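Everything on this sheet refers to the single structure shown next.
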Amino acid sequence: MSATVYKNFIGGESIASRAGKTFERRNPADTREVVGVFQESDAEDVDAAVRAAKAAFPAWSGVPAPQRGEILLRAAEIIQSRKDRYSRDLTREMGKPLFEAGGDIVEAIGMAQYAGSEGRRMHGVTTPSELPNKFQMSIRQPIGVVGLITPWNFPMAIAAWKMLPALVCGNTVVIKPGEDAAISTYNLVECLVEAGLPPGVVNIITGHGPGAGQPLVEHPDVPVISFTGSTATGRLVYELAARQLKRVSLELGGKNPLIVMPDADIDLVMQGVVWAAFGTTGQRCTATSRLIVHREVAGPLVARIIARARSLRVGNGLDAETEMGPLVNATQLERVLGYIELGQQEGATLGCGGGRLRDGDLAHGHFMQPTVFTGVRPTMRIAREEIFGPVLSVIEVDSLDEAVAVANDVAYGLSASIYTRDINAAFRAMLGLQSGIVYINAPTIGAEIHLPFGGVKATGNGHREAGPTMLDVFSEWKSVYIDYSGSLQRAQIDNIA
Ligand code: TXE
């Protein structure tokens, strides 16, 4: 069976790249299968998409927000009705097991409902004036063409987290999805179009970062960029966009700590750590990558985590038995295996895993074993750098203060967690941890769409996706003063007799 060819989606039409170039994406669990052929776009293709989005802006921004929201709500129902098919597409393109792929789709449905209902809120602000017979308010307005650049690890959820708030605010969109997992973006947009989204309001451009992503960042008619990906690329995007004073929202790397105090429920911790360290093969920006455990309970806890990690069923995500899928591509696998070598050179002990898996059909995919390093010191690179694979580093500490200090002593600050039954310790950690998200007695993953999502330090640049804050990236505040006194009233002048 020949693979589907996906063309760029510009102004409501499927259009091949002008240079006629394409690239193929193979299933990371079985690289013999081509899952799709995509356009290798360049600056000219991006320009065509931006022009279509710009042309669609006046009409779309004029549609009343509740009607924009209704399209999103209808799209939520369509996505729901195709959840199984879309989950399979997602598993085939990026590797995560079907049950996790379903979660990715559910996040998109949730965001379509949440952003859709925002069409009837999108609250502004009114405040009393300091002068009589004067009214004042602040309202949100759409900005224009929004450029979205997404990664491969949550192919439908991240596209939805960015696209749907942008749309409900009245912007039009050009999206450049991650080159390893673009099908889910097409699936999402297909539902929006069927739900009634007019042509040109969302446009898809596929291709690689420098060729297709960068022209979008640099395009003068794209005033807003929302990016999720690596810190290195995010920094470049920020620098390029700064030259044109663009608004940029960055969602970057993490090195998320999970702290365990001696009074924690050890069984609960084991389950949470295994889920958060090895779920999505460790390729979540919120994955637990550092287990910071009190020395008193480290031995028995780590032994149980290792036993469970060894028993995880690694395989093709389409197989219902699979608990952990492959890495997304060969580069990512090599990168993670490089960190395994580095950890050993640095003096950490390989508690389990560390190797590539090649038995039987696994030889055709990018599979590796769930890995636990023990005896890790906070200064080691494996304890400081984002690995983005199924690798957990165990660091032992002697107190809560030391645990929080170690947790904070990295460049990133996305998600952090503490397991304890001591309310005082929980509150001290909650306030002391330098991260955008904190979990108490739950692991570092599991964000819900109606709370702000994002991180501090090198994880981002201060913006928050999801939650009510999602509107801030995609709308411009306008303050309006209405003086109905019929006379000149001078604000900030000393009017008091
Ligand atoms: O990321 P990139 P990659 C981290 C993780 C991973 C590493 C590399 O550590 O190992 O990044 O992954 C586009 N101008 N995360 O290579 O390069 C690119 O085409 C404009 C964490 O996939 O950042 C893709 O669409 N765009 C992260 C997107 O940027 C450019 C999720 C991300 O690619 C560009 C993914 C350029 N010059 C990776 N270069 C998270 N926070 O969850 C690339 N892109």
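Just so it is clear, none of the values below were taken in a lab; they were calculated from the coordinates. These figures come from a predicted structure and were not determined experimentally. So basically every Cβ, Gly included, is an ideal-geometry build from the backbone, and we count neighbours across all protein chains shown.
A few notes on this one:
- Descending principal axes extents, the stretch 164-232, alpha-carbon based, whole Å: 37, 26, 18
- Fraction of antiparallel bridges per DSSP, the chain only, in percent to nearest 5: 45
- Per residue, the average separation of C-alpha pairs within less than 8 Å and at least 6 apart gives the chain a relative contact order of 18 percent.
- Pairs of Cα atoms in the stretch 256-440 fall into 5 Å distance bins, from 0 up to the last occupied one, in shares of 1, 9, 18, 22, 21, 14, 8, 5, 2, 0, 0 percent.
- Once the chain from residue 244 to residue 23 is taken as fully extended at 0.36 nm per residue, the excess over their C-alpha distance is 76.5 nm.
- Dipole axis of the chain (+1 Lys, Arg; -1 Asp, Glu on Cβ), positive-most option in 413, 114, 394: 114
- Within the shell defined by Cβ-Cβ distances under 10 Å, the residues around residue 151 carry a net charge of -3, with Lys and Arg each +1 and Asp and Glu each -1.
- Calculated FRET efficiency for the pair residue 430/residue 481, C-beta based, R₀ 45 Å, to 0.05: 0.65
- Sequence-ordered 3J(HN,Hα) estimates for the stretch 241-250 from the Karplus curve with 6.51, -1.76 and 1.60 and θ = phi - 60° stand at 5, 4, 4, 10, 6, 7, 7, 10, 10, 10 Hz, glycine and proline given as x.
- Part-to-part distance (alpha-carbon centres) for the stretch 243-266 and the stretch 303-339, which is given in Å: 22
- The stretch 347-378-the stretch 24-103 distance, computed between alpha-carbon centres (Å): 33
- Residues residue 296 and residue 33, FRET efficiency given R0 of 60 Å [Cβ-Cβ distance, rounded to 0.05]: 0.75
- Percent of beta bridges antiparallel (DSSP, the stretch 256-440, rounded to nearest 5): 15
- Applying 1/(1 + (r/R0)^6) with r as the Cβ-Cβ distance of residue 121 and residue 492 and R0 = 30 angstrom yields a FRET efficiency of 0.40.
- At full extension, residue 330 and residue 448 could sit 39.4 nm farther apart than now, given 0.36 nm per residue minus the alpha carbon distance.
- 15 Å beta-carbon shell around residue 474, net charge (K/R +1, D/E -1): +3
- Applying the criteria of a DSSP loop state and at most 13 other Cβ atoms within 10 Å to the trypsin sites (Lys or Arg not before Pro) of the stretch 207-249 yields 243.
- Normalising by residue count, the stretch 212-267 has a Cα convex hull of 113 Å³ per residue.
- Low-density loop positions, trypsin sites (Lys or Arg not before Pro), the stretch 415-488 - DSSP coil, at most 15 other Cβ in 10 Å: 421
- Counting only Cβ charges, +1 for Lys and Arg and -1 for Asp and Glu, the dipole size of the stretch 256-440 around its Cα centre is about 200 debye.
- With at most 14 neighbouring Cβ atoms within 10 Å, loop GluC sites (Glu not before Pro) (DSSP) excluded, longest segment of the chain: 131-320
- Only alpha carbons enter this Debye calculation for the stretch 127-245, each as an equal point scatterer, and the log10 of I(q)/I(0) it gives at q = 0.10, 0.11, 0.15, 0.20 Å⁻¹ is -0.36, -0.42, -0.67, -1.07.
- Partner lysines whose Cα lies under 24 Å from the Cα of residue 255, excluding those fewer than 8 positions away in the same chain, are identified as 96, 162, 457.
- The alpha carbon radius of gyration of the stretch 137-182, expressed as a multiple of 2.2 N^0.38 Å, is 1.29.
- Viscosity 0.890 mPa s, temperature 25 °C, Stokes-Einstein D of the stretch 7-158 from Kirkwood C-alpha radius, µm²/s: 131
- Its Cα centre serving as origin, the chain has a Cβ charge dipole (Lys and Arg +1, Asp and Glu -1) of approximately 480 debye.
- Subtracting the Cα-Cα distance of residue 350 and residue 307 from 0.36 nm times their residue separation leaves 14.1 nm of extension gain.
- Computed with the Debye formula from one identical point scatterer per Cα of the chain, without solvent, the log10 of I(q)/I(0) at q = 0.06, 0.08 Å⁻¹ comes to -0.30, -0.52.
- Comparing Cα centroids, the stretch 223-242 and the stretch 108-128 end up 26 angstrom apart.
- Shape call, the stretch 344-497: gyration tensor on alpha carbons, a/c limit 1.5: prolate
- Where only alpha carbons of the stretch 368-432 are counted, the Rg and the Dmax (Å): 12.9, 40
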